[in-house]
Amino acid sequence: MALEWAISHPDQLVMAAARGDVSPGEIENYFHGVGLEGGIGYAKMFLIDSASMLSDENIKTLGRVIERYALTGKIGPVAIVATTDEAFRQAQVFASAARAERPLRVFRQQLEAARWLVRMKQGDLPADEASPGPTGRRGEYRHS
């Protein structure tokens, strides 16, 4: 499987990693599984090592799936770590399509993403860091 994920209930954290080609079905199964495990409100880190073969339209469709999950309750902050230019581009397409009331940022570095998630969970970010909108710094993007 190209998409693996795990939940830490004590830490209220979901970790996921996509490597190689990932199908829309795998991503939908991830969303569904996280929901069944009670992790929708948890902080999430999603690592993308390479761009998937998903079309931009499929990525936008998955964003709309997130919108439906948002109707069921609070969604936790999401940090997407994209290590390649194409993965970063796809993550930005997803971020702009996945409109929901929650902070979401795209990062290049896992450590920076982890620091941001910790600060989000602690409520330790200034309003401009936690609120939606392009940051204009280091190629990051956040959207709610």
Per the 1/(1 + (r/R0)^6) rule, R0 = 30 Å and r from the Cβ atoms of Ala2 and Leu71, FRET efficiency to 0.05 is 0.60
Listed peptides 98-111, 29-42 by packing density, highest first (mean Cβ within 10 Å) | 98-111, 29-42
Apply the Karplus parameterisation 6.51 cos²θ - 1.76 cosθ + 1.60, with θ equal to phi minus 60°, to every residue of the stretch 20-31 and state each ³J(HN,Hα) to the nearest whole Hz, in sequence, with x for glycine and proline.
-> x, 6, 10, 8, x, x, 5, 5, 4, 4, 4, 4
So between Arg115 and Ala17, what do we pick up on full extension, going 0.36 nm a residue minus the alpha carbon distance?
-> 33.5 nm
Go through the stretch 77-88 residue by residue and turn each phi into a ³J(HN,Hα) via Karplus (6.51, -1.76, 1.60, θ = phi - 60°); whole Hz please, and just put x for glycine and proline.
-> x, 10, 10, 9, 10, 10, 8, 10, 4, 5, 5, 5
Per its Cα gyration tensor (rounded if a/c is under 1.5, else prolate when a/b beats b/c, else oblate), the stretch 8-105 is best filed as prolate
Magnitude of the Cβ-charge dipole of the stretch 8-88, K/R +1 and D/E -1, about the Cα centre, nearest 20 debye?
-> 360 debye
Once the Cβ-Cβ distance between Phe31 and Glu86 is put in as r, and R0 is 22 Å, what FRET efficiency do you end up with, to the nearest 0.05?
-> 0.50
What nm value, rounded to one decimal, do you get for the distance between Ser96 and Arg64 when each label is placed 7 Å out toward the C-beta?
-> 1.7 nm
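The numbers here are math on the coordinates, done by the rules we state, and not lab data. These numbers come from a predicted model, not from an experiment. Quick reminder, even Gly has a Cβ in these numbers, built from the backbone with ideal geometry, and neighbours come from all protein chains shown.
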